[in-house]
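A quick write-up on the structure given underneath.
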Amino acid sequence: MISIGLDIGSVAAKGVMLAGDRSFKVVLPTGWSPRDAGHNIIEHLLDVSGIRRSEINAIVVTGYGRVALDEADKAVTEISCHARGIAEFYPEVRTIIDIGGQDSKVIRINEKGKVVDFAMNDKCAAGTGRFLQVMANTLGMDVSELSVAEIVEEKVTINSMCTVFAESEIVSLMARGVSKGGIIAGIHESVARRVAAMAKRVGIKEKVAFTGGVALNAGIRRALGRELGCDIIIPDVCQFTGALGAALLGFES
Ligand code: ADP
């Protein structure tokens, strides 16, 4: 069986193809059309794998753009896909923290990988990858550069909860000569604190895994570890967890 899982997010479209003992993955910016992004991911996967479209048994789609893709056999929630992806490789995990471009989620799973509870913040950009992108932009950096430039010893507290106010707070901190590294440490702490508060409301049960594109940010990983006070598992393919789960669910439908 050959299965494709797609996770069409607000920022990035991810695809995973599982074909026997071979696997392929592709990430592209979602851009303005989730439908085109999904289509392009499928084409890329076929290209890199050399597998023909007629050989694909299942295409399962998740993510905010999942409704737009008519090429898929099935659409599944991101919560189910993250749970499935983690349960496959980290069966010891009971709490998943997923921070993506436009929302953050805390998912509790049992020993069978079944979702038992979850919480989600999709109302406000603070505590999401979007917040980090806006802050990186204000600092004149790319979001991928934040973690290396962070200086925890010079951390300042970012008081504003709202993205727009936090942006002006950062502009005034820079004008006062506060170091960029210290501001970045404050930004990371602010995201981690919000997400940790949501996790504590759901109830944290170890082991904890961190998924989504924001898990690529080592500064957030460290800050989240400090806020939760426990070790956090980061899957090698953290940004692809949803797509991987979708591909695995393709074998089961
Ligand atoms: P979505 O599914 O909503 O598109 P993702 O889970 O793909 O979101 O995560 C996107 C977020 O991941 C971005 O907003 C950004 O903050 C973060 N991100 C993406 N690539 C990197 C990187 N190389 N380093 C650090 N952070 C990253």
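Where a number appears in this text, it was derived from the coordinates with a stated rule and is not lab data. Quick caveat, the model's predicted, so the values are computed rather than measured. Glycine also receives a Cβ, built like all others from the backbone with ideal geometry; neighbour counts cover every protein chain displayed.
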Using unit Cβ charges (K, R positive; D, E negative) and no other charged atoms, how large, in debye to the nearest 20, is the dipole of the chain about its Cα centre?
580 debye
Ranked by GNM mean-square fluctuation in the chain (Cα springs under 10 Å), the top entry among 148, 134, 156 is 148
The answer for the chain, counting only DSSP H helices whose Cα atoms cover 30 angstrom or more along the axis and whose Kyte-Doolittle average is -1.0 or greater, is 180-202
Can you check what the net charge comes to around residue 184, using other residues whose Cβ is under 11 Å from the Cβ of residue 184 (Lys, Arg +1; Asp, Glu -1)?
-2
Per GNM of the chain with C-alpha springs under 10 angstrom, the most fluctuating residue out of 127, 213, 203 is 203
Rounded to the nearest 500, what is the chain's calculated 222 nm mean residue ellipticity when only DSSP H runs of at least 4 contribute -39500 (n - 2.57) each, over all residues?
-12500 deg cm²/dmol
Return the percentage of antiparallel bridges among DSSP beta bridges fully within the range 92-234, rounded to the nearest 5 %.
65 percent
The residues 198, 1, sorted from fewest to most surrounding Cβ atoms within 10 Å, come out as 1, 198
How large is the dipole of the range 92-234 about the Cα centre if only Lys and Arg carry +1 and Asp and Glu carry -1, each at its Cβ, rounded to the nearest 20 debye?
480 debye
The chain: antiparallel bridges as % of DSSP beta bridges, rounded to 5, reads 65 percent
Put +1 on the Cβ of every Lys and Arg and -1 on every Asp and Glu Cβ in the chain; which of 175, 19, 110 then has its Cα farthest towards the positive end of the dipole?
110
Where labels lie 7 Å past Cα in the beta-carbon direction, separation of residue 201 and residue 144 in nm:
3.4 nm
What residue among 140, 225, 113 has the largest mean-square fluctuation in a Gaussian network model of the chain, using Cα springs under 10 Å?
140
